[in-house]
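Heads up, the thing below is written out as structure tokens.
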Amino acid sequence: MMPYKDGKTDCTIRCFGCGNVSCRRASKSLLASSLKIQVYSTNAPTENVRCIRDSYIGYSCKCVVVDTECKCCRMILGYRVLQPCELCISARNSKHTWIFDTSTVISTAVRECSDACTSASSLCHEEGDSEVKIR
């Protein structure tokens with residue numbers, strides 16, 4: 001996987017079929033073997049994703065992969081790289097092994113906590129006090 005040209009934008013991705021969260025932190029990427037193909041990649045899918053079927057040689061390169069599906073609705077979401085090929089090893093990549101097809105998931109950009117959010121949370125004065133002081 002190669003980072004997408006607009007930088008690393010972290011996304012939460014959901015299954016297109018049922019809407020369940022497939023990954024809370026995925027990156028928009030390009031396949032090393034075909035820089036025209038956009039995907040989402042991660043090393044941390046949720047428990048809603050599982051590997052299915054037997055492994056096989058990938059279509060666009062020689063990586064050994066296995067298909068992945070949503071546990072809830074059984075929609076095929078992408079694949080997991082079990083053994084990367086020489087092309088993918090030599091490419092400048094993110095080392096992500098879980099790949100999601102852009103047509104099978106819905107993405108939402110993850111927003112980082114702003115300074116205002118951080119300072120507001122520090123205003124809680126005692127442990128266990130969840131009330132935020134507002135001026």
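The values are calculated or read from the model by the stated rules, or taken from the named source; none is laboratory data. For clarity, every value in this text was computed on a predicted model and none was experimentally measured. Positions of Cβ are backbone-derived with ideal geometry, glycine not excepted, and every protein chain shown enters the neighbour counts.
Overview of values
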quantity: Cβ pairs under 7 Å, 6+ apart, first in the range 26-41 and in contact (Cβ under 8 Å) with a residue 12 or more places away in the chain and β-branched (Val, Ile, Thr), second surrounded by fewer than 22 Cβ atoms within 10 Å (Cβ to Cβ) and part of a strand (DSSP E or B); calculated: ILE37/LEU30; VAL39/ASP101
quantity: Some residue of the range 5-19 being charged (D, E, K, R), within 17 Å of THR102 (Cβ to Cβ) and modelled with pLDDT of 95 or more; calculated: yes
quantity: Hits in the range 92-112 - residues which are surrounded by 13 or more Cβ atoms within 10 Å (Cβ to Cβ) and either within 14 Å of CYS23 (Cβ to Cβ) or out of contact with any Pro (no Cβ under 9 Å at 6 or more places or on another chain) (or both); calculated: SER94, HIS96, THR97, TRP98, ILE99, PHE100, ASP101, THR102, THR104, VAL105, ILE106, SER107
quantity: Any hit, the range 59-75, residues being closer than 15 Å to ILE13 by Cα and at pLDDT below 90; calculated: no
quantity: Extreme residue, farthest from the chain's Cα centre (by Cα), among residues of the range 21-72 that are closer than 16 Å to ALA109 by Cα and polar (S, T, N, Q); calculated: GLN38
quantity: Residue in the range 31-59 that is nearest to THR97 (Cα to Cα), counting only those that are of a type in the set (Gly, Ala, Ser) and exposed (fewer than 14 other Cβ atoms within 10 Å of the Cβ); calculated: ALA44
quantity: Cβ-Cβ under 7 Å pairs, at least 6 apart or on other chains, the range 11-23 side free of Cβ contacts under 8 Å to residues at least 40 places away in the same chain and among the β-branched types (Val, Ile, Thr), far side part of a strand (DSSP E or B) and buried (at least 17 other Cβ atoms within 10 Å of the Cβ); calculated: VAL21/THR12; VAL21/ARG14
quantity: Among residues of the range 51-67, those that are touching a strand residue (DSSP E or B) at 6+ places or on another chain (Cβ under 6 Å) and of a type outside the set (Asp, Glu), counted; calculated: 9
quantity: Residue that is surrounded by the most Cβ atoms within 10 Å (Cβ to Cβ) [pool: residues in the range 60-80 that are farther than 14 Å from PHE100 by Cα and in contact with a Ser or Thr (Cβ under 7 Å, 6 or more places away or on another chain)]; calculated: CYS61
